[in-house]
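Reading through the structure tokens given below for one structure.
The values are calculated or read from the model by the stated rules, or taken from the named source; none is laboratory data. Please read these numbers as outputs of a predicted model, since none were measured by experiment. We place every Cβ from the backbone using ideal geometry, glycine too, and count neighbours over all the protein chains shown.
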């Protein structure tokens with residue numbers, strides 16, 4: 001772990017992010033310059049030498065500096081000096097390809113319905129894959145990267161906005177204007193083995209007659225009786241022949 005920075009150094013770094021180039025860090029301030037503190041911390045902790053930063057370090061800036069360069073309102077934070085903050089303007093000629101990431105579990109819905117902002121006001125896109133993936137991993141460990149065709153989107157009346165050099169915004173992206181990896185195939189349900197005859201399960205303390213066995217038992221009994229009857233007749237004939245030999249008439 002590297003040497004911890006002073007509250008003054010951290011304040012200067014945050015002032016640069018929020019007051020000059022939030023797009024370099026994948027952040028989009030609202031119209032008042034605020035971003036969520038949670039989002040800022042994720043962006044700061046992605047940078048070498050700043051991975052240790054927590055909410056307590058931001059609070060320390062407010063407590064130790066006589067004139068802190070940041071404002072905090074509930075869970076939001078902004079730079080006090082925002083005159084160099086990039087202005088949001090319509091993008092007349094956006095890059096041919098823009099990239100955005102979505103949650104993996106939302107991918108089937110997006111491919112069917114289009115890309116919509118979730119928990120945000122706009123769909124956030126970037127002309128750089130690396131930036132899109134960095135932002136995507138803040139919401140999902142394994143996000144799905146989508147490629148948006150700008151011209152197709154413009155033809156369907158999508159309006160893009162600049163939010164710095166590395167961030168573009170849109171209200172939504174319709175189906176047919178973006179591509180992504182193949183959808184995962186659904187696993188087929190395992191086939192259940194069908195029995196010729198479903199026998200009811202026996203319950204404790206109960207006795208269930210097996211009608212199949214009963215029928216077979218009846219057949220065996222009839223066959224056994226017939227076999228004994230035939231044997232008895234044969235024995236009777238033998239005895240009769242013996243008597244006739246012993247006492248001829």
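Miscellaneous remarks
- Those residues of segment 8-31 which are under 33 Å from the mean Cα position of the chain (by Cα), part of a loop (DSSP other than H, G, I, E, B) and under 15 Å from residue 80 (Cα atoms), in sequence order: 21, 29, 30, 31
- Members of segment 95-122 that are at pLDDT below 95 and in contact with a helix residue (DSSP H, G or I) (Cβ under 8 Å, 6 or more places away or on another chain): 118
- Of the numbered criteria (1) out of contact with any helix residue (DSSP H, G or I) (no Cβ under 8 Å at 6 or more places or on another chain); (2) surrounded by 18 or more Cβ atoms within 10 Å (Cβ to Cβ); (3) closer than 30 Å to residue 7 by Cβ, the one residue 74 fails is (2).
- For segment 47-79, a residue qualifies if it is more than 30 Å from residue 146 (Cβ to Cβ), touching a residue at least 40 places away in the same chain (Cβ under 8 Å) and part of a loop (DSSP other than H, G, I, E, B), and the qualifying residues are 49, 52, 53, 65, 68, 69.
- Annotation for segment 46-54: at least one member residue is farther than 23 Å from residue 127 by Cβ and either crowded, with 18+ Cβ neighbours inside 10 Å or in the same structural domain as residue 135 (by TED's automatic domain parsing) (or both).
- Summed over segment 32-42, the residues that are without any contact (Cβ under 8 Å) to a residue 40 or more places away in the chain and surrounded by fewer than 20 Cβ atoms within 10 Å (Cβ to Cβ) give a count of 2.
- Inter-residue pairs, beta-carbon under 8 Å, first farther than 15 Å from residue 39 by Cα and in segment 123-136, second in a helix (DSSP H, G or I), 6+ apart: 125/132; 126/132; 126/135
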